[in-house]
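Enquirer: One structure, as structure tokens, below. Some questions next.
The values are calculated or read from the model by the stated rules, or taken from the named source; none is laboratory data. Everything numeric here is computed off the predicted structure, so don't read it as measured data. A quick note on method: Cβ atoms are made from the backbone with ideal geometry, for glycine too, and the neighbour counts reach across all protein chains shown. Note: areas computed on protein heavy atoms with side chains; ligands, DNA, RNA excluded. Shrake-Rupley method; radii C 1.70, N 1.55, O 1.52, S 1.80 Å.
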Amino acid sequence: MTGPTGRLAALTEAAAIILLDFDGPICNVFNTRTAARVGSDLRRMLAGHGVDVAGELAPLALLEATTRLAPHLAGEVEAALRVVELEAATGAETTLGAFDVVRACVHTERGLAIVSDTSTEAIHAYLRRRDRERYFAPVIGRDGADPALPTALARAVEALGTDCLFVSATATGVAAARQAGITAIGYATKPGAAERLTDAGAQVVIDALHDLAHAISTTRLRRNELPWIDSTGGPLVVVPASALPHWHGTGDLFRANSDSDDWGDYGRACGVDGYAGLIPVGETKALVLADEPAATTYLADSRTFVRWISARSEADLISLVPQAIESAAWETVGEWLLTEPVEMFDSTLVGTDREAAPRLAITVEPGTYEVRTAHIEPDEVTAMVLAQLVPKAPSASTQVADQLI
């Protein structure tokens, strides 16, 4: 199917929280060949204990069979499976469109969680690779020998309620969601999968996560009181007014020569490590708000750029900023001398092109500021990145000079 039409739109409109199965909707833990090898290794392990499991079962199915046939061996088999899952997850490729779904949830105030029969340890290993744990609260995986998805989904419902939508690539996952009393979306990636997912109770079956992301984005638009600036996928930049003519975005050179590796000022912004950085522009500096894309606003009372990673609402996010400022483990970026207003916009844009996309004009009292940044998770569902401007106290010599004047 294509587009957020009909049943898919209705189901996403009603869902406040999106639950994603890990294997399939987030990444492919084992390819077909690896799954067969892991299954063979586990069968040999069981055979060494005198337990014969018939059939070419998938690794998790083998664990389930062990729990039934030889429960005294379930812990050993689960531990062996966890080791190979952990190894596989650290190199697993992200499913196309998965983080379009994440971004859509962030922008429409929906909660987002992972519920899976993959080991919790493996899920966290995958998420830590690119600092993605902050998007998901909670992460509920397999903790122990019980691989059943109904167990994991029951824990999710207990924590989050039934106002959820669960996306799974397996008939087992879809059936478990229906058993838990929540909406089930099937994600079909193989021949015949759509029929199996439908038979298991999927209310809608999709074959592309982009469809789900689009449905989420267009059925529950965020309503905010503050001005939030988004990017097209790269960093945002905050440029002093006099330096705007010197900010060339992706650069004339790149547009003129498609074979060039020069991405202009946008490329320089992308080169910033960490959550923020200062780079030269004209005769001054620009503040780059780096890391992954996030809607960003500015709070003048605390001189703080707030980047919305996850939150139920704008009100919830902003109400936690004072607490976040107090508790943050700050990292100093550098000093920034400001003598004029600044503008925040997508770093791909030309500084003087005010009609290309929304931008935010900001007035800051002239002075020298220490720029510091931090990632904070004040509670289980809220995460933000802050970049704060802290006035530098004048030196003793400057104070003496001021008094003489």
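Enquirer: Considering only residues of region 299-309 that are surrounded by fewer than 23 Cβ atoms within 10 Å (Cβ to Cβ) and of a type outside the set (D, E, K, R), which is nearest to the chain's Cα centre (by Cα)?
Expert: Looking at residues that are surrounded by fewer than 23 Cβ atoms within 10 Å (Cβ to Cβ) and of a type outside the set (D, E, K, R), I get Ile309.
Enquirer: Suppose we keep only residues that are of a type in the set (S, T, N, Q) and touching a Leu at 6+ places or on another chain (Cβ under 9 Å) within region 303-325. Which one would you say is modelled with the highest pLDDT?
Expert: Looking at the filtered set, the residue picked out is Thr304.
Enquirer: Starting from residues that are open to solvent by less than 10 Å² (accessible area, probe 1.4 Å) and either in a loop (DSSP other than H, G, I, E, B) or free of Cβ contacts under 8 Å to residues at least 60 places away in the same chain (or both), keep the ones in region 74-96 and report whichever is nearest to Lys190 (Cα to Cα).
Expert: Going through region 74-96, the residues open to solvent by less than 10 Å² (accessible area, probe 1.4 Å) turn out to be 74, 77-78, 81, 85, 89, 92.
Still in the list and also either in a loop (DSSP other than H, G, I, E, B) or free of Cβ contacts under 8 Å to residues at least 60 places away in the same chain (or both): 81, 85, 92.
Details: Leu81: 24, Glu85: 21, Ala92: 18 Å.
Ranking the candidates gives Ala92 first.
Enquirer: Could you look through region 210-246, keep only residues that are in a helix (DSSP H, G or I) and β-branched (Val, Ile, Thr), and pick out the one that is least open to solvent (accessible area, probe 1.4 Å)?
Expert: At the first step, the residues of region 210-246 found to be in a helix (DSSP H, G or I) are 210-219, 241-246.
From what's left, β-branched (Val, Ile, Thr): 216, 218-219.
Working: Ile216: 0, Thr218: 73, Thr219: 24 Å².
Out of the qualifying residues, it is Ile216.
Enquirer: To continue, here is another question. Can you name every residue in region 248-301 that is modelled with pLDDT under 90, out of contact with any Cys (no Cβ under 8 Å at 6 or more places or on another chain) and within 24 Å of Gly367 (Cα to Cα)?
Expert: Correct list: empty.
Enquirer: Asp117 - would you say it is closer than 15 Å to Val29 by Cβ, open to solvent by 10 Å² or more (accessible area, probe 1.4 Å) and touching a residue at least 40 places away in the same chain (Cβ under 8 Å)? Before you say what the answer is, go through the steps one by one.
Expert: Numbers: closer than 15 Å to Val29 by Cβ: yes; open to solvent by 10 Å² or more (accessible area, probe 1.4 Å): yes; touching a residue at least 40 places away in the same chain (Cβ under 8 Å): yes.
When the stated conditions are applied, Asp117 passes them.
Enquirer: Take the conditions over 20 Å from the mean Cα position of the chain (by Cα) and surrounded by 21 or more Cβ atoms within 10 Å (Cβ to Cβ) and apply them to Trp330. Does it pass?
Expert: Here the answer is no, as Trp330 does not meet what is asked.
Enquirer: Among the listed residues Arg142, Arg134, Arg110, identify the single one that is closer than 26 Å to Leu62 by Cα, charged (D, E, K, R), in contact (Cβ under 8 Å) with a residue 60 or more places away in the chain and crowded, with 17+ Cβ neighbours inside 10 Å.
Expert: Values: Arg134 fails: closer than 26 Å to Leu62 by Cα; Arg110 fails: closer than 26 Å to Leu62 by Cα.
Criteria check complete, one pass: Arg142.
Enquirer: Moving on to the next point. Return the residue satisfying two criteria in turn: it lies in region 145-159 and is touching a Gly at 6+ places or on another chain (Cβ under 9 Å) and either modelled with pLDDT of 85 or more or outside any loop (DSSP other than H, G, I, E, B) (or both), and of such residues it is surrounded by the fewest Cβ atoms within 10 Å (Cβ to Cβ).
Expert: Ranking the candidates gives Val157 first.
Enquirer: Right, Asp207: open to solvent by 40 Å² or more (accessible area, probe 1.4 Å), under 20 Å from Gly97 (Cα atoms), out of contact with any Asp or Glu (no Cβ under 6 Å at 6 or more places or on another chain) and not basic (Lys, Arg) or not? Working first, answer last.
Expert: Values: open to solvent by 40 Å² or more (accessible area, probe 1.4 Å): yes; under 20 Å from Gly97 (Cα atoms): yes; out of contact with any Asp or Glu (no Cβ under 6 Å at 6 or more places or on another chain): yes; not basic (Lys, Arg): yes.
So Asp207 passes the test.
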